[in-house]
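J.: Please find one structure pasted underneath; my questions will follow.
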Amino acid sequence: MNEMRRNDDAMIKQRQVSKKITMDEEKTQMNKAKPEVIPEGTYMPFLLAVSLLFMGWGLISYWIMSVAGTIGFFIALAGWIKEMYERGQD
């Protein structure tokens, strides 16, 4: 009788362990980061931010800085859009 109880307890533990593994696998599947493939890095957002900085700096100092910032802004924006478009073509 005592042996049957131990067998039952072992079976219950085995079910609990297998159920836990299944739940862990489900959590892993649910918590996967999307997108799974990270796109390549780009410098365009940084250049865009620096261009905005130059534009603002030019407003309080010298107008040439604003012109350089505006030119840099449009170059960086065009480059970023081009990179996103090229990624969409793949």
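J.: Name the shape class, rounded, prolate or oblate, that the alpha-carbon gyration tensor gives for the stretch 35-90, where a ≥ b ≥ c are the square roots of its eigenvalues, rounded holds for a/c under 1.5, and otherwise prolate holds if a/b is larger than b/c and oblate otherwise.
T.: It comes out prolate by the Cα gyration axes.
J.: Based on the Cβ-Cβ distance from E36 to I75, what FRET efficiency comes out when R0 is 25 Å, to the nearest 0.05?
T.: 0.20
Values quoted throughout were computed directly from the atomic coordinates according to the rules given, and no laboratory measurement underlies them. In this text, all values refer to a predicted model and were calculated from it rather than measured experimentally. All Cβ positions, even for glycine, are placed from backbone atoms using ideal geometry, and neighbour counts span all protein chains on display.
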